[in-house]
Amino acid sequence: MISNVLNSATTLISNAQQKASTAAQTIANLPVQAQEVGGSKDVGSADLFKPVLSLKEAELETSAGAKMIKAHEKMLGSLLDVMA
């Protein structure tokens, strides 16, 4: 059970990292705005909404994974203290 928590946390962090990478790539591939040098068309806020939201989700998921790892370490330390 203890290793399941650690595996879940690392999987959550890994998935969040992939989500952030995909969202960043989507943002990077958006066309340059028309008023900028070399711009082709205007980028609407709808084009940015989903990838920016995905970046925030990835941030929160990574934070949750880190908290799971910290809780795991604390629980393991408490178990060792009780058994000692």
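The values are calculated or read from the model by the stated rules, or taken from the named source; none is laboratory data. If you're wondering where the values come from, they're calculated on a predicted model, not measured in any experiment. All Cβ positions, glycine included, derive from the backbone under ideal geometry; neighbour counts span all protein chains shown. Heads up: the accessible areas ignore ligands, DNA and RNA and are worked out on the full protein's heavy atoms, side chains in. Shrake-Rupley method; radii C 1.70, N 1.55, O 1.52, S 1.80 Å.
Of note:
Table: residues versus (1) open to solvent by 80 Å² or more (accessible area, probe 1.4 Å); (2) polar (S, T, N, Q); (3) at pLDDT 95 or above.
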residue: Ala34; (1), (2), (3): no, no, no
residue: Ser45; (1), (2), (3): yes, yes, no
residue: Ala58; (1), (2), (3): no, no, yes
residue: Thr62; (1), (2), (3): no, yes, yes
residue: Met83; (1), (2), (3): yes, no, no
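- The single condition among (1) open to solvent by less than 80 Å² (accessible area, probe 1.4 Å); (2) modelled with pLDDT of 95 or more that Lys67 does not satisfy is (1).
- Filtered residues of the stretch 1-24 (kept if polar (S, T, N, Q) and not in a helix (DSSP H, G or I)): none
- Selection of the stretch 1-23 for residues being open to solvent by 70 Å² or more (accessible area, probe 1.4 Å), free of Cβ contacts under 8 Å to residues at least 40 places away in the same chain and of a type outside the set (Ser, Thr, Tyr) yields Met1, Asn4, Asn7, Gln18.
- Unmet requirement for Gly38, which otherwise passes all of (1) modelled with pLDDT under 95; (2) outside any loop (DSSP other than H, G, I, E, B): (2)
- Considered as a group, the residues in the stretch 47-56 that are within 30 Å of Asn7 (Cβ to Cβ) and at pLDDT below 95 include one that is least open to solvent (accessible area, probe 1.4 Å), and that residue is Pro51.
- The one condition in (1) out of contact with any helix residue (DSSP H, G or I) (no Cβ under 7 Å at 6 or more places or on another chain); (2) part of a helix (DSSP H, G or I); (3) open to solvent by 60 Å² or more (accessible area, probe 1.4 Å); (4) at pLDDT below 95 that Leu76 fails to fulfil: (1)
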